[in-house]
Amino acid sequence: MEQTFVLLKPDAVQRGLAGEILARFERRGYRVVALKMLQADRELAERHYEVHKGKFFFEGLVQHLTSGPVVAMILEGENVIQAVRTMVGSTIPNQAAAGTIRGDLAVAGLRNLVHASDAPESAEHEMSLYFEDVEVLEYQRDLDRWVFES
Ligand code: CMP
C-alpha cells in the first residue's frame, strides 16, 4: 500500500478550503493516516523545497509557505502518489483542468492551495520532515482497527 504527503498551503486554510480539499481525498477513498495543523518556520519551508533552491520562485514559495497555518497529512492507498497529483492538477492554477482541485478552486500564481509529493522518494522525505513515526497511524485490516506505529 503506497503513501503520499499532502500539504494544504496557507491560502487553502485562509480561504476556508481545508475541509473541502480533505473531503475530496476522503471521498475518493484514500485513507488519512496522519493529520495536523501547524505553522511552518523558514527552516522547515527551505528543507521542504530544497530541490528548488536557487530558482527564481524559491523565495516567494518559502514566504508563502510560512505566511500562515498549513495542514499536513499523509494519505494511503493504491497508486496514491500519482492519483493525488492528478486530483491536484497543473502547478499553475489558471492552466489546471476543471475537475482538479486547482482547476476548480484556484486561479492565482503561487497561491495554488496544495502541495503533493511527486515520487516515492520525495514522499518519504516530506513525510519525515513533517511527522514523527509515532504520529502516523497504521490500519490493521485483518483486525479492523487503528494503531500507532512505534
Ligand atoms: P508545489 O506543488 O508546492 O511544488 C513546488 C512549487 O513551486 C509549486 O507547487 C509551485 O508553487 C512552485 N513553482 C513551480 N514552478 C514554478 C514556476 N515556474 N513559477 C512559480 N512557481 C513555481
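The values are calculated or read from the model by the stated rules, or taken from the named source; none is laboratory data. These figures come from a predicted structure and were not determined experimentally. All Cβ positions, glycine included, derive from the backbone under ideal geometry; neighbour counts span all protein chains shown. Keep in mind that these areas ignore ligands, DNA and RNA; they rest on the heavy atoms of the full protein, side chains included. Shrake-Rupley method; radii C 1.70, N 1.55, O 1.52, S 1.80 Å.
See the values below:
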{"item": "Residue check for residue 9: among the charged types (D, E, K, R) and in contact with a His (Cβ under 8 Å, 6 or more places away or on another chain)", "result": "yes"}
{"item": "Residue within the stretch 29-39 that is crowded, with 16+ Cβ neighbours inside 10 Å, of a type in the set (Lys, Arg) and more than 16 Å from the ligand (Cβ to nearest atom) present", "result": "yes"}
{"item": "Selected residue [touching a Gly at 6+ places or on another chain (Cβ under 6 Å) and either open to solvent by less than 70 Å² (accessible area, probe 1.4 Å) or among the hydrophobic types (A, V, I, L, M, F, W, C) (or both)] from 97, 106", "result": "97"}
{"item": "Scope the stretch 1-21; condition surrounded by fewer than 16 Cβ atoms within 10 Å (Cβ to Cβ) and either within 15 Å of the ligand (Cβ to nearest atom) or not charged (D, E, K, R) (or both); matching residues", "result": "1, 14, 16, 19"}
{"item": "Within the stretch 47-66, tally of residues that are within 18 Å of the chain's Cα centre (by Cα), part of a loop (DSSP other than H, G, I, E, B) and near the ligand (Cβ under 10 Å from one of its atoms)", "result": "1"}
{"item": "Flag if residue 81 is within 13 Å of the ligand (Cβ to nearest atom), in contact (Cβ under 8 Å) with a residue 24 or more places away in the chain and under 19 Å from residue 122 (Cα atoms)", "result": "yes"}
{"item": "Counted residues, the stretch 96-132 - those being of a type in the set (S, T, N, Q), under 22 Å from residue 36 (Cβ atoms) and assigned to a loop (DSSP other than H, G, I, E, B)", "result": "2"}
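Listed here are the residues, each with its yes/no results for (1) free of Cβ contacts under 8 Å to residues at least 24 places away in the same chain; (2) open to solvent by less than 10 Å² (accessible area, probe 1.4 Å); (3) away from the ligand (no atom under 15 Å from the Cβ).
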| site | (1), (2), (3) |
| --- | --- |
| 69 | no, no, yes |
| 73 | no, yes, no |
| 87 | no, no, no |
| 120 | no, no, yes |
| 123 | no, yes, no |
